[in-house]
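A.B. asks: Quick one: structure below, then a few questions.
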Amino acid sequence: MKIEKRAISVTIFIASLIGVLSVSAPSFSADLLDASSIKFGGYYRAREIYYHNIATQNSENTSYFDQRFRLEPQLNINEDIIIKTQIDMLDDVLWGDNVDAGNSVYSGNPSNNSAYSPYGVTTSDGTALLNINVKRVWLEYHSPVGNFSIGRMPFGFGLGVNYNDGNGFENEWGDAYYGNSADQIQFATMPMGKDGPLVTVLDYAKMKGNDVNNPYDDEDWYMFIPGYKTDKLTAFLLLLHIEQNSFRKNINYAELYVDAKPVNNLKLLLDYFYMGGSLMPFTASSAGASAMQAAIGTSTLKVKDAQGGVLRGIYSMSPLDYVLEIGFSPANGNTANQIQTYPFSNDYNSSLILFNNTGLAGPAAFPNSTISTLNALGSTNIPSQSALKDDFLYIAPMVKFVPADFLKAKLQLMYAETNDFVNYAALAGRTPGKPGRDLGYEADFGVDTTLSDKFIFGFQTGYLIPGSVFDYTNSAGQDKSADGVFAFVTRFTVLF
């Protein structure tokens with residue numbers, strides 16, 4: 001396997017070298033950049049979030065504030081060489097997460113004190129973070145034949161269905177949380193010249209690794225992205241191969257992104273992905289692997305026809321935009337050791353409540369014994385979303401009202417359904433079938449206004465009527481319907 005990985009790496013290097021030597025194109029210099037200068041960008045954001053009945057099975061309410069201060073310094077060495085960075089301070093950290101110094105000393109655990117230790121601050125999902133985190137640093141060189149980039153960079157593609165850069169300002173119902181980053185070597189060029197329609201990208205990335213001596217080695221990602229771009233049509237195809245030795249991961253992934261303007265005022269967007277291959281969620285000698293082997297006869301999971309996508313149509317008739325979005329992830333069976341659907345990134349916001357906070361992107365929120373069983377076995381290499389659901393579908397019509405540049409209002413309805421949890425049925429002791437498809441209905445309303453040149457105020461509110469998937473049996477053995485969920489979010493953002 002190591003020899004194969006070296007061979008593939010050499011192949012990528014030779015292909016990149018051939019592209020550099022053979023392609024003739026005008027300079028990709030960024031004309032608007034001031035040479036030998038430092039520029040700062042970023043924002044400060046504070047949010048107040050309130051949920052009523054978020055647990056869906058009782059009146060569990062919560063309200064909290066969080067905040068983020070992001071700096072994006074950029075060093076322009078000259079017109080062609082740029083170093084970009086992203087530094088986050090209190091990255092979506094909860095207000096009040098700053099234990100008193102005396103208490104931390106008396107407790108003997110000063111790491112709980114965010115003011116006295118680099119660790120200890122936490123996000124709303126319980127993630128521990130650095131107070132100050134240099135999240136991304138990368139170099140860009142705009143050469144006469146293309147753009148060369150190297151370093152820790154944002155990793156996103158298309159609409160961000162699976163891979164999202166995390167910037168989040170284009171999301172309709174909330175800001176992206178963290179986004180995807182990867183240590184990459186990337187070369188992008190336009191073979192027919194700066195004014196030509198063709199684009200080609202070669203990319204190598206390392207994912208999830210931080211110790212060269214760790215036997216559970218990180219993943220190697222090899223990417224090729226051909227593209228076509230004109231005023232009326234943009235189309236890119238991501239071809240990705242993923243390898244990881246210790247867990248025997250061997251995945252092939254393809255994603256198509258299309259942005260088309262067939263007629264005036266109408267825009268169509270499509271993002272569809274497909275993946276196949278295999279992996280072991282546990283190392284071969286682990287207790288988890290033995291338990292899985294005993295339960296379903298194998299310790300290897302097959303990624304078979306795992307796919308999904310989003311289709312979005314936008315018709316503009318100023319000051320109104322009419323939007324219809326359909327998201328889908330079809331499945332084709334329920335074999336116990338096959339992953340046959342793959343839900344979207346939790347940074348892809350399609351609704352205020354249902355998608356991000358009740359289960360579609362946070363599967364552990366569902367009363368799902370499959371997830372609990374995998375967690376109990378100690379899997380560290382397979383995302384919980386992979387065992388989530390079959391034939392997942394949502395439909396979300398929206399009307400946006402934009403009377404001026406400083407004001408935007410939107411109203412959306414959403415319906416979502418799934419075939420419940422049939423993958424890993426043998427492992428989890430569940431009976432395959434379709435006991436409940438309906439995830440529920442949701443209505444969302446939001447307003448964003450720019451109070452000054454750089455100060456944005458926004459609020460969003462939504463109500464979810466949970467479907468039969470969320471129904472449950474209480475301690476008395478009575479069948480109950482889940483409670484409705486209400487949410488309200490207020491957001492203050494200053495750009496600089």
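A.B. asks: Among the residues of region 201-218, are any surrounded by 17 or more Cβ atoms within 10 Å (Cβ to Cβ), assigned to a loop (DSSP other than H, G, I, E, B) and either modelled with pLDDT under 85 or basic (Lys, Arg) (or both)? Show your work before the answer.
C.D. replies: Of the residues in region 201-218, the ones surrounded by 17 or more Cβ atoms within 10 Å (Cβ to Cβ) are 201-205, 217-218.
The next check asks that each one be assigned to a loop (DSSP other than H, G, I, E, B); those that pass are 217-218.
This time we only want the ones that are either modelled with pLDDT under 85 or basic (Lys, Arg) (or both), so: 217-218.
Among the residues of region 201-218, at least one is surrounded by 17 or more Cβ atoms within 10 Å (Cβ to Cβ), assigned to a loop (DSSP other than H, G, I, E, B) and either modelled with pLDDT under 85 or basic (Lys, Arg) (or both), which makes the answer yes.
A.B. asks: A further question follows. Give me the pairs, please: first residue somewhere in region 278-290 and part of a loop (DSSP other than H, G, I, E, B), second residue anywhere and of a type in the set (Lys, Arg), beta-carbon distance under 6 Å, and either six or more positions apart or on two chains.
C.D. replies: 280/248
A.B. asks: Something else now. Filtering region 137-160 down to residues that are within 25 Å of the chain's Cα centre (by Cα) and among the aliphatic types (A, V, I, L, M), which residue is modelled with the lowest pLDDT?
C.D. replies: Top of the filtered list is 159.
A.B. asks: Which condition number in (1) surrounded by fewer than 20 Cβ atoms within 10 Å (Cβ to Cβ); (2) at pLDDT 55 or above is the one that residue 396 fails?
C.D. replies: Every condition holds for residue 396 apart from (1).
Per-residue answers, yes or no, for (1) modelled with pLDDT of 90 or more; (2) exposed (fewer than 15 other Cβ atoms within 10 Å of the Cβ); (3) touching a His at 6+ places or on another chain (Cβ under 9 Å):
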{"site": "424", "(1), (2), (3)": "no, no, no"}
{"site": "434", "(1), (2), (3)": "no, yes, no"}
{"site": "438", "(1), (2), (3)": "no, no, no"}
{"site": "443", "(1), (2), (3)": "yes, no, no"}
{"site": "451", "(1), (2), (3)": "no, yes, no"}
{"site": "466", "(1), (2), (3)": "no, no, no"}
{"site": "471", "(1), (2), (3)": "no, no, no"}
{"site": "482", "(1), (2), (3)": "no, no, no"}
{"site": "496", "(1), (2), (3)": "no, yes, no"}
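A.B. asks: Filter region 273-298 for residues that are buried (at least 18 other Cβ atoms within 10 Å of the Cβ) and among the aromatic types (Phe, Trp, Tyr); which is modelled with the highest pLDDT?
C.D. replies: 273
The values are calculated or read from the model by the stated rules, or taken from the named source; none is laboratory data. Predicted model only: the values in this text are computed from it and were never measured. Cβ: placed from backbone, ideal geometry, glycine included. Neighbour counts: every protein chain shown.
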